[in-house]
Amino acid sequence: MSTPMAVECQGISKIYPHFQLQNIDLSFEQGTVMGLVGPNGAGKSTILRLVMGLLGPDSGSIKVLGNSMPASQVSAKRNIGFISDDMRLYESETIAFHMDFIKSIFHSWDDEYAATLLQRFNLNKQQKVKGLSHGQRVKTTLLLALARRPNLLVFDEPTTGLDPVVRKEVLNEMMSSLEDETRSILFSSHNTLDIEQISDYITFIYGGRIIESRNKEDFLDSWRRLRLINSNSCQLPNLPNIRSIQKSGQLCAVTVTNYEDTTPEKFTNAGFTVDTVERLTLEEIFLSNVHYAERTAKKETIS
Amino acid sequence: MNLNFIFSQTDKRPMYQQIMEQITQRVSIGDWPANTPLPSIRHLATEISVSLITVKRAYLELERDGVIVTQQGKGSWVNASLDLEELQREELKNHVEQAGKLAKALAIPEDELVNMIKKYT
């Protein structure tokens, strides 16, 4: 039996006058974590809003926990916890007020878990929102979402602006919620470290399109940097998977995607000495992808 | 079972290898003797806040190396027919490999590195 899907987006587009989200396919099964990476304005938040049913797509289909969005958003939202920066808490009310409020709407509210989270996050529920720091606000919204025990947690930029201690607390608590294998997380971040740490799948978005979407281990495995020595002034082989080339005298660093065991041979056959082959961090892959996408986009405009 | 895995941010190796090392070390020093059940992939992942897929990969590779045995639906254990001596040699090899890489990065010549190691034998 196959695991039910948490999110299934097929061919979704959303057209704005100055921005177009095109042909987005995004799927992952329940019990896993999907991380969206991309520069500012790439379309990450738009995708999250489409998944939440806050926006309707111009074309394509979206299913969340088996519900078609936005048509069945009411039933779907019972099981989704959405957290975003622009969610407002009532400034003059206490954390306890918000907890009671959410509890009155969602019967799935778990008092015991809420109390545990208060303690773990070191929050005082009698405190009013206006006195909370940014980190405390993020932790409060996370508490309000998690204590409902939603099947899907959708989190827009969870760790932006958090200090390392709070960031770790937030990531740990996101991961603990996965102890139950029916729970899933979809989140966006430009903090590539967070994505690299907790995601099972990574989707890379640039300019409203998906550049790559695959499981994280394959994703990280497919990229390499080869440090080459070119003592005989040879020409680099023209490989389609080269993403960047940096030269300095006889030294040459080539970044490739779709790396295979036979890749170094292709350079030695062309007369190069392969000094080292290095793996890349997600941040390096991110930058490489963005630069390559920018260069390709420029070439397209010129031709 | 204590799952206090300590990872180093300055360790350049991929996370799955660091998890493998932490488990292998526990086995080779005897903290996790033969037949010790390993935590489930999901439990370890949530405990150390690392993605499931990374822990899954570490377990797969540990099984390939013969350190653990995994049975579908039943979980994983420390391999009872594991050659502990072989494992310890493997561990030593890893350390030497790290030392070699570091020496190369610091441009320390081979014979100097050998002399350094000789000091401790």
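Using 0.36 nm per residue of separation minus the Cα-Cα distance, give me the extension gain between A:THR160 and A:SER27 in nm, one decimal.
Once the chain is fully extended between A:THR160 and A:SER27, it gains 45.4 nm.
Mind checking the full-extension length gain between A:VAL277 and A:GLU91? Use 0.36 nm per residue of separation minus the Cα-Cα distance, one decimal, nm.
61.6 nm
Skip the ligands, DNA and RNA, and give the accessible area per residue of the protein assembly as shown with a 1.4 Å probe, whole Å².
Value for the protein assembly as shown: 53 Å² per residue.
Quick check: pseudo-label points 7 Å beyond the Cα along Cα→Cβ at B:HIS95 and A:VAL74, how many nm apart are they?
Roughly 6.7 nm, to one decimal.
Once a ≥ b ≥ c are taken as the square roots of the eigenvalues of the Cα gyration tensor of region A:73-142, is the result rounded (a/c under 1.5), prolate (a/b larger than b/c) or oblate (a/b not larger than b/c)?
prolate
Note the angle between two axes, namely the Cα long axis of helix B:52-64 and the longest principal axis of the Cα atoms of chain B, as a number of degrees from 0 to 90, rounded to the nearest 10.
With both axes taken from Cα atoms, the answer is about 70 degrees.
Calculate the mean, over all residues of peptide B:40-51, of how many other protein chain Cβ atoms lie within 10 angstrom of the residue's Cβ.
5
With Cβ to Cβ distances under 15 Å as the rule, what net charge do the other residues near A:ARG183 carry (K, R +1; D, E -1)?
So the environment of A:ARG183 carries a net charge of -3.
At a Cα cut-off below 15 Å, give the aspartates and glutamates reachable from A:LYS168, other chains included and same-chain residues fewer than 8 away excluded.
A:LYS168 reaches A:GLU157, A:ASP194, A:GLU196, B:GLU47.
In whole Hz, with x marking every Gly and Pro, tabulate ³J(HN,Hα) for region A:195-206 from phi via Karplus 6.51 cos²θ - 1.76 cosθ + 1.60, θ = phi - 60°.
After applying 6.51 cos²θ - 1.76 cosθ + 1.60, I find 4, 4, 6, 10, 7, 8, 10, 10, 10, 9, 10, 8 Hz.
Just to confirm a number: summing +1 for Lys and Arg and -1 for Asp and Glu over residues other than B:GLN9 whose beta-carbon lies under 14 angstrom from that of B:GLN9, what do you get?
Residues near B:GLN9 contribute 0 overall.
How far is helix A:164-176 tilted off the main Cα axis of chain A, in degrees rounded to 10, range 0 to 90?
Long axis of A:164-176 versus the principal axis of chain A: about 80 degrees.
Considering only C-alpha atoms, what is the centroid distance from region A:233-303 to region A:184-199, in Å?
Each part reduced to its Cα centre gives a spacing of 26 Å.
Under a Cβ-only charge scheme (Lys and Arg +1, Asp and Glu -1), can you give me the dipole magnitude of chain A about the Cα centre, in debye to the nearest 20?
Charge dipole of chain A: 720 debye, to the nearest 20.
Below 8 Å between Cα atoms, with a sequence gap of 6+, how large is the relative contact order for region B:28-111 in percent?
Relative contact order here is 31 percent.
Tell me, how many Å apart are the Cα centres for region A:43-113 and for region B:6-40?
Cα centroid to Cα centroid, the span is 38 Å.
Would you mind checking the tilt of helix A:111-120 against the longest principal axis of the Cα atoms of chain A, expressed as 0 to 90 degrees and rounded to 10?
Here the helix axis deviates by roughly 60 degrees.
How high is the relative contact order of region A:16-128, given as a whole-number percent (alpha carbon pairs under 8 Å, six or more residues apart)?
For region A:16-128, the relative contact order is 16 percent.
Just need the relative contact order of chain A here, percent rounded to a whole number, with Cα pairs under 8 Å and 6+ apart.
Normalised by residue count, the contact order of chain A is 20 percent.
Mind checking Rg over Rh on region A:222-302, alpha carbons, Kirkwood formula for Rh?
Rg/Rh for region A:222-302 comes to 0.98.
Per residue of region A:33-44, what does 6.51 cos²θ - 1.76 cosθ + 1.60 with θ = phi - 60° give for ³J(HN,Hα)? Whole Hz please, x for Gly and Pro, Karplus curve as stated.
So the J values, rounded to whole Hz, are 10, 10, x, 9, 10, x, x, 4, x, 6, x, 4.
Given the options A:VAL274, B:PHE7, A:VAL254, identify the residue whose Cα lies farthest towards the positive end of the charge dipole of the protein assembly as shown (+1 on Cβ of Lys, Arg; -1 on Cβ of Asp, Glu).
Toward the positive end, the furthest listed residue is A:VAL254.
Report the net charge of residues surrounding B:ARG42, where surrounding means a beta-carbon distance below 13 angstrom and charges are Lys +1, Arg +1, Asp -1, Glu -1.
The answer is -3.
Which value, in Å² rounded to 10, gives the accessible area of A:TYR292 with a 1.4 Å probe and all protein chains present?
Here the residue's solvent-accessible area equals roughly 80 Å².
Is it possible to state the helix-based mean residue ellipticity at 222 nm for chain B, with each DSSP H run of 4+ residues giving -39500 (n - 2.57), the sum divided by total residues, to the nearest 500 deg cm²/dmol? What is it?
So the calculated ellipticity at 222 nm is -17500 deg cm²/dmol.
Sum -39500 (n - 2.57) across every DSSP H segment of at least 4 residues in chain A, then divide by the residue count to get the 222 nm mean residue ellipticity, nearest 500.
Computed mean residue ellipticity for chain A: -10000 deg cm²/dmol.
Could you list the square roots of 5 times each eigenvalue of the Cα gyration tensor of the protein assembly as shown, that is, the equivalent ellipsoid semi-axes, sorted largest first and rounded to whole Å?
So the three semi-axes of the protein assembly as shown are 40, 31, 20 Å.
The values are calculated or read from the model by the stated rules, or taken from the named source; none is laboratory data. What you see is a predicted model; the values in this text were computed from it and never measured. Glycine also receives a Cβ, built like all others from the backbone with ideal geometry; neighbour counts cover every protein chain displayed. Ligands, DNA and RNA are stripped out before the accessible areas are found, and what is left, the full protein with its side chains, is counted by its heavy atoms. Shrake-Rupley method; radii C 1.70, N 1.55, O 1.52, S 1.80 Å.
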